[in-house]
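The values are calculated or read from the model by the stated rules, or taken from the named source; none is laboratory data. No experiment lies behind these values; they were computed from the predicted model shown. Reconstructed Cβ throughout: ideal geometry from the backbone, glycine too, with neighbour counts over all protein chains shown. For accessibility, only protein heavy atoms count, side chains too; no ligands or nucleic acids. Shrake-Rupley method; radii C 1.70, N 1.55, O 1.52, S 1.80 Å.
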Amino acid sequence: MAEIENIESNHPKFNDLVFGHEKAERDFLDSFNSGRLHHGWLITGPKGIGKATLAWKCAKFLLSDDETSSNDGLFGDDLTSSATSLDIDPEKPVIQRIKSGGHGGLITAERCINAKTGKLRGDIVIDDIRGIISFFSRTSSEGGWRIAIVDAADEMNANAANALLKVLEEPPEKSILFLVAHSPGRLLPTIRSRCRTLELNPLSNDSVKAMLAHRYPEMDMQTMNTLMALSAGAPGRAIEMERLGGAQIYSKTFKAISTIPTLNIPEIHQLAVELAAVKADAEYRLFIQIFTAFIERITKAGVLDDPTIEIVDNENQQLSRISSMARVDKWLELWEKVGHLIQRADAVNLDRKQVIVSLFSELKATATA
């Protein structure tokens, strides 16, 4: 239950700021001010870059506008001035109602908990979309916009996608459908063709740091730089890594690797104990990503003179030093061996502590062969 609570507390509906997507905000605002707001919006881009946060910000803007505009004058001749920003005072009662789930003009469809298994479903099912169909078939309880957010639309199964298509084909008056999609190519072409697309790109380092500084004002610069570099322009990933202690996992992993050709066995065992704990599944998965990324960089250092951003002092120098200890083909063999070990560990539920120790041992063996 604690994990579900953490996910809920980080839900994009609670975010009041969108970083680095000014053009997309302007495109939506221009459409609103033109009086020809499209009924379907497809917001695309890599995971964690703020697509859902933008969808919620647009929804908050529209529902807030309901309180200050008459229905007749929203797009007609009575509109005397254009909106200049999507920003809304987060203390407004309407925004608080949206965050609490108490606004009757908004509905969402997300992957939900399977009542039979108690686990999160792997896709969005037709029952979730039927809720949207029923929502749009009724008169707005708030007397204004009816808005639905599907996050993520590319997680719908075939039945759910076909049901949603009917809503897009015959949209009710004054209704908006926001579809968040990590992989829009997985959507039905007929769904894509009926939406206006806002394509978001990974954020710049400055935008990621601005987000981290706003969200974590007490964060030290080293941690901020680490999360910025590891996030690859995805602030959502940076937030998740902060929750998991990603900067500390990265630092400990690099420290252990940098001792090659020797290993500090007590430190490695301590790290393995922490990451193999029953409640540390997400932390273990993050370590695996970090460790395999180090192996990739060590391998590439032997053939490419293309250093990456240094997160820790002398990082590139250390990885180049380790790379020079073996031929490239040996590092490629290690890369493949590490991948097989990780897959086998998941398939047969190997002891994770032993898996972590084995990964470092294989690295040492390759470097000292």
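Just to verify a result, which residue in region 325-364, among those that are without any contact (Cβ under 8 Å) to a residue 12 or more places away in the chain and surrounded by 14 or more Cβ atoms within 10 Å (Cβ to Cβ), is farthest from the chain's Cα centre (by Cα)?
L350
Let's see how each residue does on (1) buried (at least 19 other Cβ atoms within 10 Å of the Cβ); (2) modelled with pLDDT of 95 or more; (3) in a helix (DSSP H, G or I):
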| residue | (1), (2), (3) |
| --- | --- |
| T117 | no, no, no |
| S134 | no, no, yes |
| G143 | no, no, no |
| V150 | yes, yes, no |
| E173 | no, no, no |
| L177 | yes, yes, no |
| L198 | yes, yes, no |
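What do you reckon, is E283 open to solvent by 30 Å² or more (accessible area, probe 1.4 Å), closer than 29 Å to R215 by Cα and either of a type outside the set (A, V, I, L, M, F, W, C) or in a helix (DSSP H, G or I) (or both)?
yes
Would you check if there is a residue in region 232-254 being surrounded by fewer than 19 Cβ atoms within 10 Å (Cβ to Cβ), touching a residue at least 60 places away in the same chain (Cβ under 8 Å) and among the basic types (K, R)?
Checking region 232-254: at least one residue is surrounded by fewer than 19 Cβ atoms within 10 Å (Cβ to Cβ), touching a residue at least 60 places away in the same chain (Cβ under 8 Å) and among the basic types (K, R).
Quick check: anything in region 233-240 of a type outside the set (V, I, T), in a helix (DSSP H, G or I) and closer than 30 Å to V328 by Cα?
No.
Need pairs with beta-carbon distance below 7 Å; first residue more than 12 Å from L106 (Cα to Cα) and within region 125-140, second open to solvent by 70 Å² or more (accessible area, probe 1.4 Å); sequence gap 6+ or separate chains.
I126/N159
For region 99-115, check the following and say yes or no: at least one residue is in a helix (DSSP H, G or I) and without any contact (Cβ under 8 Å) to a residue 60 or more places away in the chain.
yes
From the list I98, I126, which residue is hydrophobic (A, V, I, L, M, F, W, C) and open to solvent by less than 40 Å² (accessible area, probe 1.4 Å)?
The conditions single out I98.
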